[in-house]
């Protein structure tokens, strides 16, 4: 259930009812800090400091208050390894009774609405800002598109294959990417392919940023030229 539904009546009709009936089940509460169904308003468990509302009341405390003993909170649900490990623990534990997993990560849409104005203001002041973006290496992508089917991310799309000998389109990450990393996490967890990479976009770079980039470019250029010379020596 979502966090909005949890506070609406899920705590009583769902969790407390399971405690009362001694149900041996697992409930996952998706805690994204907003009630998404009605427009992203704050709720009891919202992390934001609301001047006119009382927030920051933990779902885990409320769940324990009605009698649930096995409660776990995963603070970054985009970490698939941690999520899968916690789910496996919940489904295999010998402890009887209801179990609750709080999947806690801020809604990315609301997060972008919050931080993008801050980033634009920081860039306008001439200060350094680092943004993370993810991409897909077209040369490595196999074109099976399993990453798109498994993650469902709206920023994952396809584009024509740059290789003239291959007709299948390759996956690509479009400009709406918010850098959550879920696409790469899903691909690596499912052992799909190593095509995903993470890049940092630096606005107003410092001298050290520029020097580091020059050193990286020099090393990469030297390695590429060395490989090219090696290929030319062994060419027929």
* Conditions: (1) within 30 Å of residue 113 (Cβ to Cβ); (2) at pLDDT below 85; (3) in a loop (DSSP other than H, G, I, E, B). Residue 192 meets all but one. Number of the miss? -> (1)
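Please tell me if residue 38 is surrounded by fewer than 14 Cβ atoms within 10 Å (Cβ to Cβ), touching a residue at least 24 places away in the same chain (Cβ under 8 Å), over 24 Å from residue 93 (Cα atoms) and in the same structural domain as residue 76 (by TED's automatic domain parsing).
yes
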* Asked: Among the helices (runs of 4 or more DSSP H) confined wholly to the stretch 1-104, which include 2 or more residues that are over 22 Å from the mean Cα position of the chain (by Cα) and within 28 Å of residue 184 (Cβ to Cβ)?
  -> 80-92
* Asked: Would you pick out the residues in the stretch 195-229 that are surrounded by 14 or more Cβ atoms within 10 Å (Cβ to Cβ) and over 29 Å from residue 127 (Cβ atoms)?
  -> 195, 196
* Asked: Is the stretch 173-194 home to any residue that is surrounded by fewer than 13 Cβ atoms within 10 Å (Cβ to Cβ) and in contact with a helix residue (DSSP H, G or I) (Cβ under 9 Å, 6 or more places away or on another chain)?
  -> yes
* Structure fact -> Picked from the stretch 121-137 (must be in contact with a strand residue (DSSP E or B) (Cβ under 9 Å, 6 or more places away or on another chain) and outside any strand (DSSP E or B)), the residue nearest to residue 147 (Cα to Cα) is 137
* Selection count where residues are more than 23 Å from residue 29 (Cα to Cα), surrounded by fewer than 16 Cβ atoms within 10 Å (Cβ to Cβ) and under 14 Å from the mean Cα position of the chain (by Cα), scope the stretch 108-135 -> 2
* Structure fact -> Residue set 47, 82; condition in contact (Cβ under 8 Å) with a residue 24 or more places away in the chain and within 24 Å of residue 107 (Cα to Cα); output residue 47
* To do: Evaluate the stretch 152-175: report whether one residue or more is part of a helix (DSSP H, G or I) and either within 27 Å of residue 108 (Cα to Cα) or touching a strand residue (DSSP E or B) at 6+ places or on another chain (Cβ under 7 Å) (or both).
  => no
* Some residue of the stretch 206-229 being part of a loop (DSSP other than H, G, I, E, B), closer than 27 Å to residue 113 by Cβ and touching a residue at least 24 places away in the same chain (Cβ under 8 Å) -> no
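Go over the candidates 138, 151, 105 one by one and state the one that is modelled with pLDDT of 85 or more, surrounded by 16 or more Cβ atoms within 10 Å (Cβ to Cβ) and over 30 Å from residue 12 (Cα atoms).
Details: 151 fails: modelled with pLDDT of 85 or more; 105 fails: over 30 Å from residue 12 (Cα atoms).
Of 138, 151, 105, the one residue that is modelled with pLDDT of 85 or more, surrounded by 16 or more Cβ atoms within 10 Å (Cβ to Cβ) and over 30 Å from residue 12 (Cα atoms) is 138.
The values are calculated or read from the model by the stated rules, or taken from the named source; none is laboratory data. This is a predicted model, so every value here is computed, not measured. Every residue, glycine among them, receives a Cβ derived from its backbone with ideal geometry; neighbour counts consider all protein chains shown.
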